[in-house]
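A short write-up of the structure that comes next.
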Amino acid sequence: MQKKELIGLAVPQLESLVASFGEPAYRGRQLYSALYQQRQWDFRQLTPFPLAFRDRLERDCQATLPQVNKKFQSEDGTARYLLRLADGQRIETVLMPERARNTICVSTQAGCPVDCKFCLTGVMGFFRNLTVGEIVGQVLLLVQDNNLALDRRLNLVFMGMGEPLLNYSNVRAAIYLLADPKGIALSPARMTLSTAGVVPGIKRLGQEPLRPKLAVSLNAATDELRNQIMPLNRKWPLAELLRVCREFPLRSGEKLTFEYVLLDGVNDRVEDARRLVRLVRGIRCKVNLIGLNPGPELTFRTPPDARVLHFQQTLFDKGVPAFLRKPRGRDIFAACGQLKLTESQPALANT
Ligand code: SAH
Ligand code: SF4
């Protein structure tokens, strides 16, 4: 019989599991705290529990994290983990250490169905949604492997492989587990979810009592161009997307982030910047500009630095705060849009 995986289960599910073993509900809550607060995954070590209960857990259950298939270390400190899931699917998770904080970038799907033309994950296609345990497991694994403290210095971004809002219920449940003060206890204010613009998902997220900050990948300022580079724009065009962004209930001091990947000669002209300014007018926001991270199967190119700076300046001059996101771990293919299960380090010179 296949053992039941416990990582990813919340208190009510653990309570009913222990009830099926004939144990009182409070044992479910104790098990929850052992799994997520103490992170003790060897059931034999749970000495406060009666021996028979420990034996039962050992026999019927397991608490496992994704397996590290390979780990790549960048010159800039970024670490890219190629992980293997229980069914053999593979995903990637990235750790970006900085002096004052660490950021973990998690995947929410194996592959991605959205098919953006500038993204290697999109090019690779879609395999399946990740489970709650697989999303939470990526965080627990990187925390354990790097001895990270689960405190204010740890940031979490849902910007790895996949479109988080197309795996809404599992991503939502993972966020609630990760943010539970009685468990992993990460602050939701230190989490950011990035979406390519799944309009119903953005609406729903805005209604959640507990939610991460929102980033929306715009990448084009006209429907014509956006249809070409992000096919999901045909379903949810810019006017609709910007409407839900405008209605998104921001907390006090909170800003929405718009991401904009600059593609040489495609969306990086001054008139694109001006259009972008008009689109986001009236929304409390900032814009993160990302120079395209290159990839072997991509036809687009990274604009020269001067063009990127000019684009940024145009936004600034019109009162839109715009920041350049510096690429992390490009040498190990860990940067935005480069996650594609590359097992060796590809020679960028060939791209
Ligand atoms: N699916 C979500 C989150 C994952 S992608 C989304 O699209 O928002 C995270 C970010 O990487 C997005 O802002 C996306 O536009 C950007 N990105 C994708 N491919 C890229 C590339 N080749 N270079 C730079 N950024 C890229
Ligand atoms: Fe999917 Fe985001 Fe890549 Fe688009 S940019 S294909 S939504 S991961």
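The values are calculated or read from the model by the stated rules, or taken from the named source; none is laboratory data. Please read these numbers as outputs of a predicted model, since none were measured by experiment. Glycine also receives a Cβ, built like all others from the backbone with ideal geometry; neighbour counts cover every protein chain displayed. Side chains are part of the model used for accessible areas, which takes the heavy atoms of the whole protein and leaves out ligands, DNA and RNA. Shrake-Rupley method; radii C 1.70, N 1.55, O 1.52, S 1.80 Å.
Numerical summary
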| read-out | value |
| --- | --- |
| Mean separation of Cα contacts under 8 Å, 6 or more apart, over the residue count of the stretch 4-62: relative contact order % | 34 |
| Leu210 accessible area, 1.4 Å probe, all protein chains in place, Å² to nearest 10 | 50 |
| Heavy atoms of Trp41 accessible to a 1.4 Å probe, total area in Å² rounded to 10 | 40 |
| Links that overshoot a 31 Å alpha carbon limit, given the list Lys182/Lys340; Lys4/Lys117; Lys213/Lys340; Lys71/Lys255 | Lys182/Lys340; Lys4/Lys117; Lys71/Lys255 |
| GluC sites (Glu not before Pro) within the stretch 193-265, DSSP loop, no more than 14 other Cβ atoms inside 10 Å | Glu254 |
| Relative counts (whole %) of C-alpha pair distances in the stretch 204-351, using bins that are 10 Å wide | 10, 37, 35, 16, 2 |
| Dipole of the chain, positive direction: furthest Cα of Val157, Gly22, Gly319, with charges on the beta-carbon | Gly319 |
| The chain - accessible surface per residue (Å², probe 1.4 Å) | 45 |
| Antiparallel %, DSSP beta bridges [both residues in the chain], to 5 | 40 |
| Tensor-based shape of the stretch 4-62 (alpha-carbon gyration tensor, a/c under 1.5 rounded, otherwise prolate or oblate) | rounded |
| Using alpha-carbon coordinates, inclination of helix 25-36 to the longest axis of the chain, degrees | 50 |
| Most fluctuating residue given options Leu309, Leu256, Leu82, as computed from a GNM of the chain linking Cα atoms under 10 Å | Leu309 |
| Cβ-isolated cysteines (cut-off 4.7 Å), the chain | Cys61, Cys105, Cys112, Cys245, Cys285, Cys336 |
| Heavy-atom accessible surface of the chain: percent carbon and sulfur, 1.4 Å | 49 |
| The chain: angle of helix 11-20 to the longest principal axis, Cα-based, in degrees nearest 10 | 30 |
| Solvent accessible area, Å² - Arg251, 1.4 Å probe, full protein context | 90 |
| The chain, Cα convex hull volume normalised per residue, Å³ | 141 |
| Sorted peptide list for 107-120, 288-301, criterion being average Cβ within 10 angstrom, highest first | 107-120, 288-301 |
| Global form of the stretch 42-127, assessed from the alpha-carbon gyration tensor, a/c cut-off 1.5 | oblate |
